[in-house]
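Participant: The structure's right below; bear with me while I get my questions together.
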Amino acid sequence: MSDVGGIAADRLRSFIERIERLEEEKAALTADIREVFAEAKANGFDTKIMRQVVRLRKMESADRAEQEMLLDLYKRALGMAEAELAEAG
């Protein structure tokens, strides 16, 4: 292993190459996810809502409930809850 300024160059190169491979894999996965969303959109699904559902499913149940409670509280504070009820009815 060559040592430059106290840095093991071969070890550093190995880390950099692993990171680069993972970045390539991440880009490929991102493209695959984009294709799935495009397919869903072509089938009439709202991809913006789908992204929210995916984000919510990653959350713990208690965290999700707290977030929904706070959102409802903020909407009521801004008078938005009443407007939603009027629009629905």
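Taken together, the values in this text are just the output of simple stated rules run on the coordinates, not laboratory data. Computed from a predicted model, the values in this text were never measured in an experiment. Reconstructed Cβ throughout: ideal geometry from the backbone, glycine too, with neighbour counts over all protein chains shown.
Participant: Eigenvalues of the Cα gyration tensor times 5, then square-rooted: what semi-axes does that give for the chain, in whole angstrom, largest first?
Facilitator: On the way: eigenvalues 435, 90, 18 Å².
So the equivalent ellipsoid measures 47, 21, 10 Å along its semi-axes.
Participant: Nearest 20 debye, what's the magnitude of the dipole of the chain about its Cα centre given +1 on Lys and Arg Cβ and -1 on Asp and Glu Cβ?
Facilitator: Numbers: 15 positive and 19 negative charges, 8 e Å.
Roughly 40 debye for the chain.
Participant: Related question: Quick one: in region 1-45, what % of C-alpha pairs are over 11 Å apart?
Facilitator: Numbers: 701 of 990 pairs.
Percent of Cα pairs beyond 11 Å in region 1-45: 71.
Participant: With each label point set 7 Å from Cα along the Cα-Cβ vector, what nm distance links L56 and I7?
Facilitator: Once both label points are built, they end up 4.7 nm from each other.
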